[in-house]
1. Any residue at all in segment 88-99 that is farther than 17 Å from GLY140 by Cα and either hydrophobic (A, V, I, L, M, F, W, C) or out of contact with any strand residue (DSSP E or B) (no Cβ under 9 Å at 6 or more places or on another chain) (or both)?
2. How many residues are touching a Lys or Arg at 6+ places or on another chain (Cβ under 8 Å) and among the charged types (D, E, K, R) if we restrict to segment 204-234?
3. Applying the selection to segment 208-261, what residues are of a type in the set (Lys, Arg) and touching a helix residue (DSSP H, G or I) at 6+ places or on another chain (Cβ under 7 Å)?
4. From the set of residues in segment 200-219 that are of a type in the set (D, E, K, R), in contact (Cβ under 8 Å) with a residue 60 or more places away in the chain and not in a helix (DSSP H, G or I), which is nearest to TRP267 (Cα to Cα)?
5. Suppose we filter segment 47-97 for residues that are outside any loop (DSSP other than H, G, I, E, B), among the charged types (D, E, K, R) and either more than 22 Å from PRO201 (Cα to Cα) or in contact with a Gly (Cβ under 7 Å, 6 or more places away or on another chain) (or both); how many remain?
6. Residues in segment 235-254: is at least one part of a strand (DSSP E or B), in contact (Cβ under 8 Å) with a residue 12 or more places away in the chain, within 23 Å of VAL31 (Cα to Cα) and touching an Asp or Glu at 6+ places or on another chain (Cβ under 9 Å)?
7. Restricting to segment 90-129, give me the number of residues that are among the aromatic types (Phe, Trp, Tyr) and at positive phi.
8. For segment 132-165, give me the residue count where each residue is of a type in the set (Phe, Trp, Tyr) and farther than 18 Å from PHE249 by Cα.
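The values are calculated or read from the model by the stated rules, or taken from the named source; none is laboratory data. In this text the structure is predicted, and so the values were computed from the model without any measurement. Here the Cβ positions follow ideal geometry from the backbone for every residue, glycine too, while neighbour counts run over all protein chains shown.
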Amino acid sequence: MRSRPSAGRLGSALVEQQESRPSVRVERRAVDEAESRRANGPDWDVYADEYQSTHGEFLGDVGFIWGPEGCTEEQYALLGESSQLSGQDILEVGCGAAQCSRWLAARGARAIGLDLSHRQLQHSRRIDEASGVAVPVVTGTATHLPFPDDSFDAVFSSFGALQFVSDIERAIAETHRVLRPGGRFAFSITHPTRWMFPDDPSEEGLVASQSYWDRTPYVEVDDETGRVAYVEHHRTLGDWVSLLASGGFRIERLEEPEWPEGHERIWGGWSHIRGKYTPGTAIFLATA
């Protein structure tokens, strides 16, 4: 699972920004696929160590969490019951350090992770050695999956690549291409309604300040170089339904996890305070 804490909301700059990271300014403007990729790959390379240090224990070395609420694949079984996973070919897109794939591998699945960030994949190798559960990983993008047609029984992304992709139609088409007939496609994203609110986990962040229908990408620009340093793309729930349907998928489920009682963890704009009122995560399951 990967998610930048500040992504997607205009109204506060990097909530968890470290002094070692460059100063950025926030914009909302059009950004194409090439610019998104040039920004997000190096950004995740820079952010990977901090991300794994901050969130690694919560994610677990061999754990499958769908969102900051802590909801797990064991609870939802979107990819099938644990007893059904053995022997399944499963691809994780935007895998980070491949914690989710490692959980699947521990249950007998043939899991493969793919990520744009070389540094995240280095963390995957580190965790392979520490956990004793190894997962093959490859550098790649959601829009050009380096696998033959009909390669997988399931493809999934836990807060991974899909929010960072401009050419989302191509990413959906690539997923459909590598899935076998009837294969499952499951992914979690920042709940689209969250784009109406500032990235503030306190009560002050509960006031809607932006249009839900404004699909202009969220962009962070390095103040020193003027280079686009980070991009995230917003789609409404209706957009996701249309994308999946036009891409040849049948939508099976949409989960909107409630914030669990007693869960006090703050992850950027996600918190128990706002979790009482509005969903922070949307999880889709579709079949090819």
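1. No, that holds for no residue.
2. Of the residues in that region, 5 qualify.
3. Hit for segment 208-261 is ARG235, nothing else.
4. Looking only at segment 200-219, we keep the residues that are of a type in the set (D, E, K, R), and these are 200, 203-204, 214-215.
With the extra rule that they be in contact (Cβ under 8 Å) with a residue 60 or more places away in the chain, the set shrinks to 200, 203, 214.
Among the residues that remain, those that are also not in a helix (DSSP H, G or I) are: 200, 214.
Numbers: ASP200: 10, ASP214: 24 Å.
Top of the filtered list is ASP200.
5. Count: 5.
6. Narrowing segment 235-254 to residues part of a strand (DSSP E or B): 250-254.
From what's left, in contact (Cβ under 8 Å) with a residue 12 or more places away in the chain: 250-254.
When the remaining residues are screened for being within 23 Å of VAL31 (Cα to Cα), the result is none.
No, that holds for no residue.
7. Here is the first cut: in segment 90-129, the ones among the aromatic types (Phe, Trp, Tyr) are 103.
Filter once more, keeping what is at positive phi: none.
The number of residues fulfilling the criteria is 0.
8. In the first step, residues of segment 132-165 are kept if they are of a type in the set (Phe, Trp, Tyr); the result is 147, 152, 156, 159, 164.
Narrowing the set further to residues that are farther than 18 Å from PHE249 by Cα leaves 147, 159, 164.
Residues meeting the conditions: 3.
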